[in-house]
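The values are calculated or read from the model by the stated rules, or taken from the named source; none is laboratory data. Only a predicted model underlies this, so the values are computations on that prediction, with no experimental measurement involved. Please note: Cβ atoms are built from the backbone with ideal geometry, for glycine as well, and neighbour counts cover all protein chains shown. Heads up: the accessible areas ignore ligands, DNA and RNA and are worked out on the full protein's heavy atoms, side chains in. Shrake-Rupley method; radii C 1.70, N 1.55, O 1.52, S 1.80 Å.
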Amino acid sequence: MDKLNIAVVYGGPSSERQISIQSGRYVASVLDRAKYNVYEVLFDSNSWLMVEWDGDEMKTLGEVNRSDFSACGVKFDAAFITIHGIPGENGLLQGYFEMVQVPFNTCSSFVCTVAFNKYSCKRFIADTGVRMAKDVFLQKGCRYDAAEIVEQLGLPLFVKPSDGGSSFGVTKVKEASRLPEAIAVAFKESDSVLIESAVVGRELTQGVYMADGETRLLPITEIVSENEYFDFEAKYLGKSNEICPAPIPDTLAEEISGWSRKIYEHLGCTGLIRIDYIVSQDGIYFLEINTTPGMTQASIVPKMVRAAKLDITDFLSQITDNCLSSSSFERYEASIKNVKS
């Protein structure tokens, strides 16, 4: 049987570009070469390039033909997206692959679009009953009353770009006078901003994925940041301690896992995601969903995989094989056939 051609797609124009490149290169290095021909595609706004690396030296092999997602005579059978932020996490790239009928490893374009925007995600999963922090949503250009927001949400609070990642543009506000500045910082990353009451507690996260048609859960991880919260420095520069599995009672682990499964299935997810929570004195609070979680060797999901005593190559094979037979892609193919007929 011929091996499948898998393109690992990374890069992108967002602030998370360098993390994406690290994720993509790691995924490409551990994918099963006995099952797949593995290629690497560096994505930029104006160019999609098939590349290869010699150490830290990158060589360009050729342009990607966007009409059928091929390059240098190779027609890619599937894409493994590791672009964090826009366009690999907000549904745009997924929409392209749906149009050219190339399977991909993440959730569908619709799910990614909903999950990427923190405000829309909270509204979409509200029916699950999971606790969420009180919030105020702002669109760029709209007027707001800082004093009214503070009165409504209290202090401290978090100001976040509604559609961003890696904690870029996030500020913890402790004084009302600092709120306008924090909002301005967030608007540099996004056209909409979410302001939330700060929930005090332990930060926990869990990976969820689909394999063989079943929703599967990875071990819960506790994140203990050396900084005031899990910011970029804590995430990527070693300023946090990630404990996996988390030292929590079995009853709490079961409750979090129940919410993870419920949220995953309520959204209609099919790919690998990571769901973040805060466990406060009054219960479990949902924070956000990452539909293209970091996949560097030091990232949280690979740590979860190791803690579960899974082989990372086998794990990524499950993710890749799932995208080739995912119900969402099959439904899309069926809809295209119906239109053509």
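Worth a mention:
- Test: residue in the stretch 176-188 that is open to solvent by 80 Å² or more (accessible area, probe 1.4 Å) and within 21 Å of the chain's Cα centre (by Cα): yes
- GLU196 being closer than 17 Å to PHE286 by Cβ and open to solvent by less than 30 Å² (accessible area, probe 1.4 Å): yes
- Residue selected from the stretch 187-227 under the condition of a type in the set (S, T, N, Q) and outside any loop (DSSP other than H, G, I, E, B), by the criterion nearest to ARG131 (Cα to Cα): SER197
- In this entry, GLU52 is excluded by the filter for residues that are buried (at least 22 other Cβ atoms within 10 Å of the Cβ), farther than 30 Å from VAL159 by Cα and not polar (S, T, N, Q).
- Just one residue in the set GLY85, GLY73, GLY62 is open to solvent by less than 20 Å² (accessible area, probe 1.4 Å), on the phi > 0 side of the Ramachandran plot and without any contact (Cβ under 8 Å) to a residue 40 or more places away in the chain; that residue is GLY62.
- Which numbered condition LYS140 misses (of (1) more than 27 Å from LYS262 (Cα to Cα); (2) at pLDDT 95 or above): (2)
- Looking across LYS134, LYS122, LYS172, one residue alone is over 18 Å from ASN290 (Cα atoms), among the basic types (Lys, Arg) and modelled with pLDDT of 95 or more. It is LYS134.
- Of the listed requirements (1) over 25 Å from THR82 (Cβ atoms); (2) within 21 Å of the chain's Cα centre (by Cα); (3) at pLDDT below 95, ILE256 misses just one: (3).
- Listed by position, the strands (runs of 3 or more DSSP E) contained in the stretch 45-164 that have at least 1 residues being of a type in the set (Lys, Arg) are 57-65, 157-161.
- Number of positions in the stretch 97-109 that are out of contact with any Gly (no Cβ under 6 Å at 6 or more places or on another chain) and touching a residue at least 24 places away in the same chain (Cβ under 8 Å): 8
- Matching residues in the stretch 45-89 - criterion: being in contact with a helix residue (DSSP H, G or I) (Cβ under 9 Å, 6 or more places away or on another chain) and at pLDDT 95 or above: TRP53, ARG66, PHE69, ASP77, ALA78, ALA79, PHE80, ILE81, THR82, ILE83
- Number of positions in the stretch 259-270 that are open to solvent by less than 40 Å² (accessible area, probe 1.4 Å) and assigned to a helix (DSSP H, G or I): 4
- Filtered residues of the stretch 119-136 (kept if open to solvent by less than 90 Å² (accessible area, probe 1.4 Å) and either farther than 21 Å from LEU267 by Cα or more than 21 Å from the chain's Cα centre (by Cα) (or both)): GLY129, ASP135, VAL136
- Conditions (1) at pLDDT below 95; (2) in a loop (DSSP other than H, G, I, E, B): number failed by MET295: (1)
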